[in-house]
Structures are given as C-alpha cells and as structure tokens.
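Engineer: Below is a structure I'd like to ask you about.
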2 protein chains.
Amino acid sequence: MSPGTPTISRGAETWRSTIQDVASAAGVSVATVSRALRGLPNVAVTTRARVEAAARDLNYRPDRHASRLAAGRRSRSVAVVVPFINSWYFANVIAGVEAVCADGGYDLLVLTAPSPAARAMNLVDAFGLDRRIDGMIFVEVALDEADVEELTRLRLAVVTIGQRTRPFPSVNIDNVAVGRTAAQHLIELGHSRIGVLAGQAEDPVNFNVPDDRIAGARDAIVAAGLELDPDLIVPGQFTVEGGRRAAGTLLARTPMPTALLALSDEMAFGAVIAARELGIDIPGDVSLVGVDDHEVAQAIGLTTVRQEVVEHGARAAAALLHTLLGARVEPTHELQPIELVVRGSTRRRAVP
Amino acid sequence: MSPGTPTISRGAETWRSTIQDVASAAGVSVATVSRALRGLPNVAVTTRARVEAAARDLNYRPDRHASRLAAGRRSRSVAVVVPFINSWYFANVIAGVEAVCADGGYDLLVLTAPSPAARAMNLVDAFGLDRRIDGMIFVEVALDEADVEELTRLRLAVVTIGQRTRPFPSVNIDNVAVGRTAAQHLIELGHSRIGVLAGQAEDPVNFNVPDDRIAGARDAIVAAGLELDPDLIVPGQFTVEGGRRAAGTLLARTPMPTALLALSDEMAFGAVIAARELGIDIPGDVSLVGVDDHEVAQAIGLTTVRQEVVEHGARAAAALLHTLLGARVEPTHELQPIELVVRGSTRRRAVP
DNA sequence: CTGAAAGCGCTAACAG
DNA sequence: CTGTTAGCGCTTTCAG
C-alpha cells in the first residue's frame, strides 16, 4: 500500500474514510478531528492544519446523518411538497425554493402530494419524513387541522404557499384580486358574456385558488351590473389539455361567450387550441385572458395576470430557513404582487 | 400523565418516540421491536401485534438514518442533478424520476448543477453528498473522467440522461437523428436557406445536444446538395427569450432564411415572438420547426420533433432503482424514440 | 489544548 | 421466539 493511501479502519472498505481514519492519519483523537474540522476554538493551529491535511488526503467527508444523530441537531434538509412537478407553476416555485435552499446549504427533497384519496390519511405519516427533514414547504397542498397539529408536534418548520394557517408563515397572492382584475379588463372591453376555465370539478388539490379567482371575477361582473352564468364555468384542471376541452365546451354554448377567462395560462393555451379547431378567431371572435404570465404567454400574445412565481418559492424558502435559524417571530403572511399584462388576445367587443 | 401518553425515555422531548419507548410500552426489548416492525420472521404473532399497537400509540416512526448507520445499509434516497429546474424539459424529466422514486419508496433530492465555473471543481465534492444518497441521476450534466472515477469509487449508483459514460447506464435520444429529421422535413418542403436557433455559445451545460442536432441538420442539408451557412447558426440558450433574440438576428440576415430550425420548442416560441415583432408571418414568410413537443407546441400549431421526456426520467429512475436492488448487469444505454409531428408552422416554400 | 468515554437511534449477531 | 451485546460515525461532556 503506497503512502497516502487511506488508512483502512475495519473491513475491506477502501472507499469511504471515517473520522477515525483521519484521526489515525493525523495522529490525534477523533474528538480533535471533530473540533478541528468544524472550526471550533481550542484547537492548536498546527494541529488543525495537520488534521485538515489528513482529511483532504483521505478525501474525508463527514457523514451528515451520523453527525445529526450524535449531536441531536438538524439535518439541514427541507422538503417541498407539490401536487405535481411538471407544470409551469410548480416547476417555477420549486426552482425558487431550490435556489434559496442551495444557497443556504440545505438539501431539497421534492415530494408530490399523495392523491386526494391518500391525502385523507395523515400527511406526515404518508411521507414518514419526520426526522429526515427540518422543515417543509407546502405548495397548494391543503393542510387540515390535524396536519397542522401533527406538523407542530413534530417541531417541523413549515411554510405554506397558497394557504394561510394559523401557526405557519405563508406566501400568497390575492386570488380574488386576480379574478377581479382579469374580469374587469374584459368588462372594460365591453364583454358581458364571459366563460371561465376553472379548476378541478371535485377533489381539488388547488382547493381555494379557483374558488377565489372565480369569486373575484364574479365581484367584478356583478359590480358592472352583469351576472356570471354558472353554465359558463367549466373545469379545466389547470392543464393545457383540460383547458382545450373546457374551452371546447364553452365555445359550444349558445349564445357563445364573447370572452374567456382562463384561471391559468396553461388552460388558456388549451383554449387557443380549441378555438383554432373550431375556426374561432382570438381575439376577433372571442377575447382570452389567462393568469400567470408563462413565458409562452408572451410568445402567443396572451393577455394575462402576472404573478412572480419563482419569487414565491424563493420567499417561502427564505422564510423557512429564517425560522430554522431560530428566529421565533410571528408567522408572516406575505402577499405577493400581481399585475395585469395586456397583450393581443383581448380586444374591445365588436358591437353587434 | 394519562395512560397512553408516550413514555419519555430521556430528556424532556415529548415529541418523538424512539424504539426504546416502544419497547418499554410493549414490554419487550428493542431488538424485538425492530424485528416486529420490519416484518421479520421469528416474532410471535401476539408479540408483533402488541408492538405494532404500541408503535401506533406512540406515533413511532423509525429514524431512517439511524437505521442506515446501524445496518450499514443504503439510505433509500437518490438525487437528480439538473442544470436548472424551471424549464419544460427538466421539470418533466424530474417528474418522471419522481414518480418512479416515490413508487419505489425512495426520497428524491433535487440538485442544480453548479455553474460551469464551479463545475471545474469536483462534482461530488460540490454536493458533499456521498453517504446521504444511494444513487444519482445526471440530466444533461457533463461528467468528466474524474467525476466518473470519483462516483465509482464512492460506490454510487449512477444513471445519466443525455450522456453516455462507460460504466453507467444511460437514457438518450439520437440527437443527430433529431436534427436530421427536422431539417429533412424543411428540405422536403423546398427550403434551402435554413436558420438554426442553437444552444449556448460557450460554457455549454447541454454540451453535446446542440452539436449533435446541428450535425444531424447539416447531414440532411448536405445530403440534399445544399449547405448550412455558419452565419445562420445563432445561440438561443434553449430559452424563450434567447430564442427570441436569436430569431431576431436570423430574420435580419439577407437574404432572410425561409425556414427556422429551433433546437427546442421553447426557443421556437421565442421565434414566434420575434416574427410577430418583425411583422413576419409564420408559416407564410418563414417556416418554423422545434424539438420537444411541449404542450404549447400543440397550442400554437408548432411542427416539432417529439421526445417523451417524462418517460426518459422514468426510465432512468427505473434503471437506477434496478441497480440499487443489486442487479449487477451491464450498463444499458437506452435509446428513446423521437417522432416528427407536423403542424401548421411549416409550409412548402413559395417559389419566388 | 486534547483524549477518553458515553451515547444518538437503530440493527445484527449471538446466545438462550 | 426473544433478550443481550456490540457497534455504525460522529459529537460532547469531562478530565486531564
């Protein structure tokens, strides 16, 4: 065995050096190695140097979980829980979360929420993730009383996006305002018969989002002395395909709505497909407004209500790490800005 | 303290029961609890029942990392490494990976590859993640010789997507064929002056992807007795905005290309914006073909070369878990299918 | 300033 | 079938 080769402690595992290996190599005790490597005081400079050299030689990397176990400390990892990953919204939220976590030296676990059916059972139980994780971010995943209690009991730091709970900080947008803004824009353009591409019909993951947005739209419509026809609210599951189907249904209603309000840009994209299929021109025959400001909304000139989704994730993560760093502050409920972005998909209604 | 209250072992931690607590509550040894709860044989049915009841009462959940430590076993978690999360491609790959991991009971860590600059340093070192993880999936993240060696030395199971390395299984598509297919389609429509929206100019993350696709396009073009003008290859960073700029540049060239080949749908969306800004009609003035089959490609009627991205992630994860389950097979290099999807954005070139 | 020793929560022989 | 005894790799008193 050539010099410099890692000292093998026990077994034939030549591939992973332990603190013991480093200790032997440096000619000190494991306790000293531990102190030296963690930059604790009370270690002679010369000793520390020797230890660091040995650690580098051996390519030693401490086992974080053994540390956690021994120290009773946190594991420096957090989880983000989303209904699913491959949608623009969630991917962007996760990106924001990840950036901040990485920056703070935290590992990020991504968990998809169990199906609504499974949601019936204990959330925490479903993940069995206490102990492996210091904190969690729930994105549009409904937490009931029991969940909140359990999470609290487990001393988990929690931040929610899209839901306000008593004990946990949250990052939100005013979804009522979102719906109102979009509808107002359409009303100002002279539209009175407005179809809505909404969320799930049942078992909602995004429980309150569609409702709030619809409520806002209704506010604006009623305020204008009009009414929101329940027949013109069709679920589109927040997906392109769902939006296509929903728009297909809406555009078949008579009289046809003169404007469509999609509760997400992706559903709006579906509406674009449906309109094309039916030979209906946007905005010539019908105006269309979405929500999100997906990059593609710009590409297709979709009028939309923008929200800064990456920022939401980043703020939530920042709040979480902040909590984890011991700040015992009142849970803050941030309200992120929204903004109407007018593009070519909405147009003043042609007077018949 | 009422009956049923968790027995406290040591300290005042009333919130997390240990195997010891369960043992006391059930009146057995910790070893028995361990066996009972893990469904090992050699446990009396009655004992097992008692232990399970106690565990349930105490809301006991084993500490996976303590188990791992004790058993020298794996930690049942894997990491997926991507350049970034919030792009259609990576979000979908991650979704595929996540689904399979969750199904197999593995936790999924999401890591973004350090900047190319940071990539210079040891990848593994950068993440410091040996031991916390059983395996890794690298998605379009270049692994050099040293990385491969280190990963192997650490006994990490590895699967790559978008790169073939000697020792690790991989999931790929034939990117040369992608470029060839797209270009051929344009050529068949009579186009001879084809602009390409390519990848990064320097410091490529998706190192070989753009090159291969361009090579394929060149193959097809040369085979048709034409040539690919280097001035008509402009980097677009695989983003909508990058594509917009690149297309702006290309559409300013004289003579203007009659067709644009975007190496990703997102860049193609950017091209759509650029064309609109310049008052250029697609496909009237210029044809446009993308790669991916983004949901939105359908919405805007974009001709594209489809790849099943979620499937890529799923296959990679399946291969990884397979390896983790001890299958010591030759690393397979799966080649996933691609398919030309013709829509409205490409049209036969008007003879001048 | 440093080492010895006692665990963290759990599993793995090895005896019974 | 079940309890006892060692640790896994690391941190942390507590003595030097």
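Engineer: Is it fair to say B:R68 is surrounded by fewer than 18 Cβ atoms within 10 Å (Cβ to Cβ), within 12 Å of DNA strand C (Cβ to nearest atom) and under 25 Å from A:R68 (Cα atoms)?
Structural biologist: Details: surrounded by fewer than 18 Cβ atoms within 10 Å (Cβ to Cβ): no; within 12 Å of DNA strand C (Cβ to nearest atom): yes; under 25 Å from A:R68 (Cα atoms): yes.
Considered against the rule, which asks whether it is surrounded by fewer than 18 Cβ atoms within 10 Å (Cβ to Cβ), within 12 Å of DNA strand C (Cβ to nearest atom) and under 25 Å from A:R68 (Cα atoms), B:R68 comes out as no.
Engineer: Restricting the search to segment B:181-192, which residues are surrounded by fewer than 24 Cβ atoms within 10 Å (Cβ to Cβ) and either under 16 Å from B:E308 (Cα atoms) or touching a residue at least 12 places away in the same chain (Cβ under 8 Å) (or both)? So that I can check it myself, show each step before the final result.
Structural biologist: At the first step, the residues of segment B:181-192 found to be surrounded by fewer than 24 Cβ atoms within 10 Å (Cβ to Cβ) are B:181, B:184-185, B:187-190, B:192.
Hits for segment B:181-192 are B:T181, B:Q184, B:H185, B:I187, B:L189, B:G190, B:S192.
Engineer: Could you check how many residues of segment B:40-58 are buried (at least 18 other Cβ atoms within 10 Å of the Cβ) and either outside any helix (DSSP H, G or I) or within 7 Å of DNA strand C (Cβ to nearest atom) (or both)?
Structural biologist: So the answer is 1.
Engineer: Sort out which residues of segment A:99-117 are at pLDDT 90 or above, more than 8 Å from chain B (Cβ to nearest Cβ) and under 25 Å from B:D103 (Cβ atoms), and write them in order of number.
Structural biologist: Scanning segment A:99-117 gives a single hit, A:C101.
Engineer: Against the definition (touching a helix residue (DSSP H, G or I) at 6+ places or on another chain (Cβ under 9 Å), of a type in the set (A, V, I, L, M), free of Cβ contacts under 8 Å to residues at least 24 places away in the same chain and assigned by TED's automatic domain parsing to the domain that holds A:H191), how does A:A299 come out, yes or no? Walk me through it before giving the result.
Structural biologist: On the way: touching a helix residue (DSSP H, G or I) at 6+ places or on another chain (Cβ under 9 Å): yes; of a type in the set (A, V, I, L, M): yes; free of Cβ contacts under 8 Å to residues at least 24 places away in the same chain: yes; assigned by TED's automatic domain parsing to the domain that holds A:H191: yes.
Criteria met by A:A299.
Engineer: Moving on to the next point. Within segment A:62-88, take every residue that is within 14 Å of DNA strand D (Cβ to nearest atom) and in a loop (DSSP other than H, G, I, E, B) and give me the one that is nearest to the other protein chains (Cβ to nearest Cβ).
Structural biologist: Step one: list which residues in segment A:62-88 are within 14 Å of DNA strand D (Cβ to nearest atom), which gives A:62-76.
Pick out the ones that are also in a loop (DSSP other than H, G, I, E, B) and you get A:62-63, A:72-76.
Working: A:P62: 9, A:D63: 5, A:G72: 9, A:R73: 12, A:R74: 12, A:S75: 8, A:R76: 10 Å.
Once the filter is applied, the top-ranked residue is A:D63.
Engineer: Could you please find all residues in segment A:25-39 being in a helix (DSSP H, G or I) and either within 10 Å of DNA strand D (Cβ to nearest atom) or free of Cβ contacts under 8 Å to residues at least 24 places away in the same chain (or both)? Break it down stepwise before answering.
Structural biologist: Initially, segment A:25-39 is screened for residues in a helix (DSSP H, G or I), giving A:25-26, A:30-37.
If the condition is that a residue be in a helix (DSSP H, G or I) and either within 10 Å of DNA strand D (Cβ to nearest atom) or free of Cβ contacts under 8 Å to residues at least 24 places away in the same chain (or both), then A:V30, A:A31, A:T32, A:V33, A:S34, A:R35, A:A36, A:L37 are the ones that fit.
Engineer: OK, next. Being under 18 Å from B:V286 (Cβ atoms) and either acidic (D, E) or not assigned by TED's automatic domain parsing to the domain that holds B:D285 (or both) is the filter here, so list the residues in segment B:214-251 that pass it.
Structural biologist: Hits for segment B:214-251 are B:D229, B:D231.
Engineer: Now a separate question. Restricting to segment A:35-48, name every residue that is hydrophobic (A, V, I, L, M, F, W, C) and farther than 25 Å from A:R68 by Cα. Outline the logic, then answer.
Structural biologist: Of all residues in segment A:35-48, those hydrophobic (A, V, I, L, M, F, W, C) come to A:36-37, A:40, A:43-45.
Matches in segment A:35-48: A:A44, A:V45.
Engineer: Of all residues in segment B:247-277, how many are more than 14 Å from every other protein chain (Cβ to nearest Cβ) and not in a helix (DSSP H, G or I)?
Structural biologist: Restricting attention to segment B:247-277, the residues satisfying the condition of being more than 14 Å from every other protein chain (Cβ to nearest Cβ) are B:249-259, B:261, B:263.
From the residues that got through so far, the ones that are not in a helix (DSSP H, G or I) too are B:253-259, B:261, B:263.
Residues flagged as more than 14 Å from every other protein chain (Cβ to nearest Cβ) and not in a helix (DSSP H, G or I) within segment B:247-277 amount to 9.
Engineer: Just to be sure before I move on: is B:V289 of a type in the set (V, I, T), assigned to a strand (DSSP E or B) and under 16 Å from B:E188 (Cβ atoms) in the structure I sent?
Structural biologist: Details: of a type in the set (V, I, T): yes; assigned to a strand (DSSP E or B): yes; under 16 Å from B:E188 (Cβ atoms): yes.
Yes.
Engineer: Can you tell me which residues in segment B:240-263 are charged (D, E, K, R) and within 30 Å of the chain's Cα centre (by Cα)?
Structural biologist: Here is the first cut: in segment B:240-263, the residues charged (D, E, K, R) are B:241, B:244-245, B:253.
Across segment B:240-263, the qualifying residues are B:E241, B:R244, B:R245.
Engineer: Considering only segment B:144-156, I want to know if a residue exists there that is over 22 Å from B:D211 (Cβ atoms) and β-branched (V, I, T).
Structural biologist: Yes - at least one qualifying residue is present in segment B:144-156.
Engineer: Taking segment B:211-246, which residues are of a type in the set (V, I, T) and in a helix (DSSP H, G or I)?
Structural biologist: If we filter segment B:211-246 for residues that are of a type in the set (V, I, T), which is where we start, we get B:214, B:221-222, B:233-234, B:239-240.
Passing the criteria: B:I214, B:I221, B:V222, B:V240.
Engineer: Just to be sure I understand, how many residues within segment B:25-51 are within 39 Å of the chain's Cα centre (by Cα) and at negative phi? Can you show your working first?
Structural biologist: Looking only at segment B:25-51, we keep the residues that are within 39 Å of the chain's Cα centre (by Cα), and these are B:34-40.
Imposing the further condition that a residue be at negative phi reduces the set to B:34-38, B:40.
The qualifying residues number 6.
Engineer: Turning to a different aspect of this structure: Picking from B:A31, B:A12, which residue would you name as being within 16 Å of DNA strand C (Cβ to nearest atom), modelled with pLDDT under 90 and surrounded by fewer than 15 Cβ atoms within 10 Å (Cβ to Cβ)?
Structural biologist: Numbers: B:A31 fails: modelled with pLDDT under 90.
Result of the check over B:A31, B:A12: B:A12.
Engineer: Being polar (S, T, N, Q), within 7 Å of DNA strand D (Cβ to nearest atom) and free of Cβ contacts under 8 Å to residues at least 60 places away in the same chain narrows it down to one residue among B:N59, B:N42; which is it?
Structural biologist: Numbers: B:N59 fails: within 7 Å of DNA strand D (Cβ to nearest atom).
Checking each option against the conditions leaves just B:N42.
Engineer: Scan segment A:251-293 for residues that are closer than 23 Å to A:N175 by Cβ and in contact with an Asp or Glu (Cβ under 9 Å, 6 or more places away or on another chain) and report the count.
Structural biologist: 11
The values are calculated or read from the model by the stated rules, or taken from the named source; none is laboratory data. Source: prediction; values computed, not measured. Heads up, the Cβs are rebuilt from the backbone with ideal geometry, glycines too, and the neighbour counts pull from every protein chain shown.
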